[in-house]
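For reference, the structure discussed in these notes is given below.
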Amino acid sequence: MAVSLYELSVPTYLQTLGAVSGFLEKGLAHCAECNAQPGEVVEHRLFEDMLPFSFQIRSVAHHSAGAMEALKSGVFNPPGKAGPLDYAGLQALVSEARGKLEALNLDEVNALEGKDVVFQFGETKIPFTAENFILSFSLPNFHFHATTAYDILRSRGVPLGKRDYMGRMRIKK
């Protein structure tokens, strides 16, 4: 059985974005229970040389909905410098990414199979096919940033477990 570009990307992104949305909710509830300010979470880092929670969430959106936009345009750039977002703004960013992905249809995405996609930062250009861009660049980055966001919340005491990260599995019906 062959797996299409749509099947290997969109449902995978949506599963994890759903999980990220869920653990963001749990993080907000934890802040309320502990009388902590959500803004403290937004700028929290696991280590000083790592980027903060806000960047992790921005990157989750960028490496999902942004990756699918790159398949259409043929170019993927690092996320630009955006203004600061508060916790609610980060939640909205995840919701927006989910909405963009839910709006895609199977035929539209599968029509992009084999298309050239270039990851470009500065003068550096790394060429991919659409499939290899998703499998070897976008999905690993997406999961790295989702995991790091999860880990930041765990480090702050948010009661999360593996099931929270896995999201809604695509089980046989």
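The values are calculated or read from the model by the stated rules, or taken from the named source; none is laboratory data. Treat the numbers as computed from the prediction; the structure is a model and nothing was measured. Reconstructed Cβ throughout: ideal geometry from the backbone, glycine too, with neighbour counts over all protein chains shown.
Annotations for the structure displayed:
- Answer from 5, 17, 24 - the residue that is crowded, with 19+ Cβ neighbours inside 10 Å, in contact with a Leu (Cβ under 8 Å, 6 or more places away or on another chain) and over 15 Å from residue 139 (Cα atoms): 24
- Flag if residue 90 is touching a strand residue (DSSP E or B) at 6+ places or on another chain (Cβ under 7 Å) and modelled with pLDDT of 95 or more: no
- Evaluation of residue 123 against (1) free of Cβ contacts under 8 Å to residues at least 40 places away in the same chain; (2) under 30 Å from residue 38 (Cβ atoms) (one fails), failing number: (2)
- Qualifying positions in the stretch 121-173 - in contact with a strand residue (DSSP E or B) (Cβ under 7 Å, 6 or more places away or on another chain), of a type in the set (D, E, K, R) and assigned to a helix (DSSP H, G or I): none
- Residue check, residue 67 among the hydrophobic types (A, V, I, L, M, F, W, C), surrounded by 14 or more Cβ atoms within 10 Å (Cβ to Cβ) and under 18 Å from residue 111 (Cα atoms): yes
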